[in-house]
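**Student:** Quick one: the structure is below, and I'll ask about it shortly.
The values are calculated or read from the model by the stated rules, or taken from the named source; none is laboratory data. In this text, all values refer to a predicted model and were calculated from it rather than measured experimentally. Backbone-built Cβ (ideal geometry, glycine too); neighbour counts: all protein chains shown.
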Protein chains: 2
Amino acid sequence: MLRVPFADVVSALTAALAGLGFDSDRAARCARLFAETTCDGVYSHGIERVPRFLAMIRNGSVDPGAAPVCVQQLAAIERWNGRRGPGNLNAWASMARAVELSAEHGIGCVALANTNHWMRGGTYGWQAADAGVIGLCWTNTLANLPPWGASVPALGNNPLIVAVPRPAGHVILDMAMSQFSYGALTAYRQRGAMLPVDGGFDAAGNLTRDPAAIEASQRPLPIGYWKGSGLAMMLDLLAALLSGGLATHQFPADPLRETGLSQVFLAISLARLQPAEDSARMADAIVASVLAANPAAVRYPGEQILKTRAENLRLGLPVREELWEELLRA
Amino acid sequence: MLRVPFADVVSALTAALAGLGFDSDRAARCARLFAETTCDGVYSHGIERVPRFLAMIRNGSVDPGAAPVCVQQLAAIERWNGRRGPGNLNAWASMARAVELSAEHGIGCVALANTNHWMRGGTYGWQAADAGVIGLCWTNTLANLPPWGASVPALGNNPLIVAVPRPAGHVILDMAMSQFSYGALTAYRQRGAMLPVDGGFDAAGNLTRDPAAIEASQRPLPIGYWKGSGLAMMLDLLAALLSGGLATHQFPADPLRETGLSQVFLAISLARLQPAEDSARMADAIVASVLAANPAAVRYPGEQILKTRAENLRLGLPVREELWEELLRA
């Protein structure tokens, strides 16, 4: 594993993208979002995803030159068409617009149709929190999760992000509706480990901690069994209805053709409701009260990211040697 | 078990409440909300909760005469003070106001501080959906759930409700952040049954399906383990910060003194975004696609409620004989 300085990763990616129909600003932003995701330790959705992203540009699923356009305005809500542009650029623009709307209306909602995979959803939570506002966002995905009571996929794992700004460290929850992603299952299997808790069903329909059995059955478990199954369905309903876009059942099963996604971005202004120091004091007290239940083991959502980010900025981003060569050639 | 006509339950409850400081309109509304919850089959939070509700009026935790007041307006967001009035009346008024705000701004948010237990959270989801809007709401609670990594409670089970209107049957998710409520654990134990999936930890710290072991350890499981633990914390942060009210760590451990709760009500207008028939068609297609994964076993959130409601309206509400006598005497 190489350790490559953050700026070098951004430069290499920017150069690779600039040759593919991105203008220079968009290439730099897109590259930075990929690099930041790796820097924050979400390796599955950072630069490791660039080869697939490039393949989806080549197969026409992602249009690198397409920027989102507003198609409907209704005071604090807007609908945007992502025009199948790069998912991370579309999502970034959408949360930025939701933040603007929240400054005017107290709360702002951008519903984005016809977009692409946003890579790490937490990115847009950090974006909102860095802007000092509460952020919520979610996306639908292709069907990769059986509903509770079924053994074939009909739900997306539809990640949900909730972000609360805090000077001592934003509190950012970034969670998919499956207990473990396929990426996580693969990682456990490759190191020969069992999952820490049940992660799905085996071929015989029994709950199992064996990652290989779940990869084979394609039956990962929704969080909370019937509860996460229900929430995944609600997130798809909200994303499609609010954006006027496509729902999970309308996407092909091929991840390389997963395009036209629907997403929702909510921003809520705290700054005009109460002084920033009151918000910080309240959030600090809540975080402290939860950590106090067992300071050695309890973490707040987002806590680990700050540590990983600091380490990766200091040591350089961990990059597989073959991936780095591939990116330099791209 | 008696079967009492819906109208008779409402009349008896209205009479009981009218003697306790409710004006007649508020007594009738409060009674109806309790009766509707029982009618919908959520027996733990319907008229079975009235004795505890009356006890909390008597001990001063609930002020029956107090109506909520608006304390801050910021375009599409308002903060209200529930003045420790009846939780279901406060919540009903708050969702009604959020719906009004959504008509004006596209989206409306009411953050309610200083309120009481709202009984069944799903009530306010049905309220929003019946008004033709998308509704989301959540509440904090006293600490009744250990965070992931700890063995003592420091999180509330903070129910989250998401409601999507649909002519063929609203889709309404009403879920707490614990896999099973204490009421559910008791019900399983009393009929000598094991839980269908792990519901918490036993005294030795092992995951268990034994409801009695979890009642003894007071270690119910958050949905999705670390994920539900994180989401419970976010809901508390959002409720307290947006309302300016109290957080889970500030409530006493005694359920009879659990007052001053914080809640959030969001309503989003669909009607002005697209024709109602488009929304219905899209929602129907999503519901159908999920049920198709296994029509015999998969249900959409809220589906069972409509069946139970119809049956209880036809047969009368199931009421324990002793409870009915107690309500008639109250």
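**Student:** From the residues in region A:188-198 that are out of contact with any Phe, Trp or Tyr (no Cβ under 9 Å at 6 or more places or on another chain) and away from chain B (no Cβ under 12 Å), which one is surrounded by the most Cβ atoms within 10 Å (Cβ to Cβ)? Walk me through how you get there before you give the answer.
**Tutor:** Step one: of region A:188-198, the residues out of contact with any Phe, Trp or Tyr (no Cβ under 9 Å at 6 or more places or on another chain) are A:189-193, A:198.
Imposing the further condition that a residue be away from chain B (no Cβ under 12 Å) reduces the set to A:189-193.
Values: A:R189: 17, A:Q190: 10, A:R191: 8, A:G192: 8, A:A193: 11.
Checked region A:188-198; the qualifying residue surrounded by the most Cβ atoms within 10 Å (Cβ to Cβ) is A:R189.
**Student:** A:E36 - would you say it is among the acidic types (D, E), in contact (Cβ under 8 Å) with a residue 12 or more places away in the chain and in contact with a strand residue (DSSP E or B) (Cβ under 9 Å, 6 or more places away or on another chain)? Before you say what the answer is, go through the steps one by one.
**Tutor:** Values: among the acidic types (D, E): yes; in contact (Cβ under 8 Å) with a residue 12 or more places away in the chain: yes; in contact with a strand residue (DSSP E or B) (Cβ under 9 Å, 6 or more places away or on another chain): no.
Here the answer is no, as A:E36 does not meet what is asked.
**Student:** Have a look at B:F265, B:F201 and point out the one that is more than 11 Å from chain A (Cβ to nearest Cβ), aromatic (F, W, Y), crowded, with 22+ Cβ neighbours inside 10 Å and touching a residue at least 40 places away in the same chain (Cβ under 8 Å).
**Tutor:** On the way: B:F201 fails: crowded, with 22+ Cβ neighbours inside 10 Å.
Result of the check over B:F265, B:F201: B:F265.
**Student:** Go through (1) in a loop (DSSP other than H, G, I, E, B); (2) at the interface with chain B (Cβ under 8 Å from one of its Cβ atoms); (3) modelled with pLDDT of 95 or more and name the single condition A:R272 misses.
**Tutor:** Evaluating A:R272 over (1) in a loop (DSSP other than H, G, I, E, B); (2) at the interface with chain B (Cβ under 8 Å from one of its Cβ atoms); (3) modelled with pLDDT of 95 or more leaves (3) as the failure.
**Student:** Taking the conditions exactly as written (within 9 Å of chain B (Cβ to nearest Cβ) and either touching a Pro at 6+ places or on another chain (Cβ under 7 Å) or of a type outside the set (D, E) (or both)), does A:I286 satisfy them or not? Please lay out each step first, then the result.
**Tutor:** Details: within 9 Å of chain B (Cβ to nearest Cβ): yes; either touching a Pro at 6+ places or on another chain (Cβ under 7 Å) or of a type outside the set (D, E) (or both): yes.
Here the answer is yes, as A:I286 does meet what is asked.
**Student:** Are any residues in region A:81-101 within 14 Å of chain B (Cβ to nearest Cβ) and either without any contact (Cβ under 8 Å) to a residue 60 or more places away in the chain or acidic (D, E) (or both), and if so, which ones?
**Tutor:** Those that are within 14 Å of chain B (Cβ to nearest Cβ) and either without any contact (Cβ under 8 Å) to a residue 60 or more places away in the chain or acidic (D, E) (or both): A:N81, A:E100.
**Student:** Cβ-Cβ below 6 Å, separation at least six or inter-chain, first residue in region B:218-238 and within 7 Å of chain A (Cβ to nearest Cβ), second of a type in the set (F, W, Y): which pairs?
**Tutor:** Cβ pairs passing all conditions: B:Y225/B:W148.
**Student:** Go over the candidates B:R209, B:R191, B:R120 one by one and state the one that is closer than 30 Å to B:I286 by Cα and of a type in the set (K, R).
**Tutor:** Only one candidate passes the filter, namely B:R120.
**Student:** When both residues are 6+ apart or on different chains and their Cβ atoms are under 9 Å apart, which pairs have a first residue that lies in region B:297-312 and is more than 17 Å from B:P167 (Cα to Cα), and a second that is β-branched (V, I, T) and in a loop (DSSP other than H, G, I, E, B)?
**Tutor:** Taking only residues 6 or more apart or on different chains, the pairs are B:T308/B:V42.
**Student:** Let me spell it out: the conditions are (1) assigned to a loop (DSSP other than H, G, I, E, B); (2) crowded, with 24+ Cβ neighbours inside 10 Å; (3) more than 13 Å from the chain's Cα centre (by Cα), and B:A168 meets all of them except one. Which number is the exception?
**Tutor:** Single failed check for B:A168: (2).
**Student:** Any residue at all in region B:165-176 that is farther than 28 Å from A:A271 by Cα, without any contact (Cβ under 8 Å) to a residue 60 or more places away in the chain and more than 8 Å from chain A (Cβ to nearest Cβ)?
**Tutor:** Yes, some residue in region B:165-176 is farther than 28 Å from A:A271 by Cα, without any contact (Cβ under 8 Å) to a residue 60 or more places away in the chain and more than 8 Å from chain A (Cβ to nearest Cβ).
**Student:** Right, something else. Residues that are at pLDDT 95 or above, surrounded by fewer than 21 Cβ atoms within 10 Å (Cβ to Cβ), more than 25 Å from the chain's Cα centre (by Cα) and of a type outside the set (A, V, I, L, M, F, W, C): does region B:245-257 have at least one?
**Tutor:** Within region B:245-257, none of the residues are at pLDDT 95 or above, surrounded by fewer than 21 Cβ atoms within 10 Å (Cβ to Cβ), more than 25 Å from the chain's Cα centre (by Cα) and of a type outside the set (A, V, I, L, M, F, W, C).
**Student:** Report every pair of residues separated by at least 6 positions or lying on different chains whose Cβ atoms are under 8 Å apart, first residue within region B:102-127 and facing chain A (nearest Cβ under 10 Å) and without any contact (Cβ under 8 Å) to a residue 40 or more places away in the chain, second buried (at least 24 other Cβ atoms within 10 Å of the Cβ) and in a helix (DSSP H, G or I).
**Tutor:** B:H105/A:H105
**Student:** Residues B:E277, B:E326, B:E215: which one is in contact (Cβ under 8 Å) with a residue 60 or more places away in the chain, surrounded by fewer than 22 Cβ atoms within 10 Å (Cβ to Cβ) and in a helix (DSSP H, G or I)?
**Tutor:** Numbers: B:E277 fails: in contact (Cβ under 8 Å) with a residue 60 or more places away in the chain; B:E215 fails: in contact (Cβ under 8 Å) with a residue 60 or more places away in the chain.
Exactly one of B:E277, B:E326, B:E215 is in contact (Cβ under 8 Å) with a residue 60 or more places away in the chain, surrounded by fewer than 22 Cβ atoms within 10 Å (Cβ to Cβ) and in a helix (DSSP H, G or I), namely B:E326.
**Student:** Could you tell me how many of the residues in region A:57-97 are in contact with a helix residue (DSSP H, G or I) (Cβ under 6 Å, 6 or more places away or on another chain), within 18 Å of A:E258 (Cβ to Cβ) and aliphatic (A, V, I, L, M)?
**Tutor:** Residues meeting the conditions: 3.
**Student:** Sticking with this one: Based on what the data block shows, is B:A253 more than 9 Å from every other protein chain (Cβ to nearest Cβ), assigned to a loop (DSSP other than H, G, I, E, B) and closer than 22 Å to A:L266 by Cβ?
**Tutor:** Spelling it out, it is not the case that B:A253 is more than 9 Å from every other protein chain (Cβ to nearest Cβ), assigned to a loop (DSSP other than H, G, I, E, B) and closer than 22 Å to A:L266 by Cβ.
**Student:** Say whether the condition of being under 20 Å from the mean Cα position of the chain (by Cα) and not small (G, A, S) is met by at least one residue in region A:187-201.
**Tutor:** no
**Student:** Select, from A:P147, A:P153, the only residue that is within 8 Å of chain B (Cβ to nearest Cβ), touching a residue at least 12 places away in the same chain (Cβ under 8 Å) and in contact with a Ser or Thr (Cβ under 8 Å, 6 or more places away or on another chain).
**Tutor:** Numbers: A:P153 fails: in contact with a Ser or Thr (Cβ under 8 Å, 6 or more places away or on another chain).
Being within 8 Å of chain B (Cβ to nearest Cβ), touching a residue at least 12 places away in the same chain (Cβ under 8 Å) and in contact with a Ser or Thr (Cβ under 8 Å, 6 or more places away or on another chain) holds for just one of A:P147, A:P153, which is A:P147.
**Student:** Go through A:G122, A:G135 for me and flag whichever is in contact with an Asp or Glu (Cβ under 6 Å, 6 or more places away or on another chain), outside the structural domain of A:D25 (by TED's automatic domain parsing) and among the small types (G, A, S).
**Tutor:** Going through A:G122, A:G135 in turn, the sole match is A:G122.
**Student:** With B:A66, B:A98, B:A76, B:A93 as the choices, which residue is at pLDDT 95 or above, in contact with a Pro (Cβ under 6 Å, 6 or more places away or on another chain) and within 21 Å of B:Y124 (Cα to Cα)?
**Tutor:** B:A93 is the lone residue from the list that is at pLDDT 95 or above, in contact with a Pro (Cβ under 6 Å, 6 or more places away or on another chain) and within 21 Å of B:Y124 (Cα to Cα).
**Student:** Does region B:300-320 include one or more residues that are at the interface with another protein chain (Cβ under 8 Å from one of its Cβ atoms) and at pLDDT 95 or above? First the steps, then the outcome.
**Tutor:** Within region B:300-320, the subset at the interface with another protein chain (Cβ under 8 Å from one of its Cβ atoms) is B:300-301.
Adding the requirement that they be at pLDDT 95 or above leaves B:300-301.
Yes, region B:300-320 has at least one match.
**Student:** Next question, about the same structure. For the subset of region A:3-46 comprising residues that are charged (D, E, K, R) and not in a loop (DSSP other than H, G, I, E, B), which member is surrounded by the most Cβ atoms within 10 Å (Cβ to Cβ)?
**Tutor:** Residues of region A:3-46 that are charged (D, E, K, R), as a first pass: A:3, A:8, A:23, A:25-26, A:29, A:32, A:36, A:40.
From what is left, the residues that are not in a loop (DSSP other than H, G, I, E, B) are A:3, A:8, A:25-26, A:29, A:32, A:36.
Details: A:R3: 11, A:D8: 14, A:D25: 9, A:R26: 20, A:R29: 18, A:R32: 19, A:E36: 22.
Only one residue tops the list, namely A:E36.
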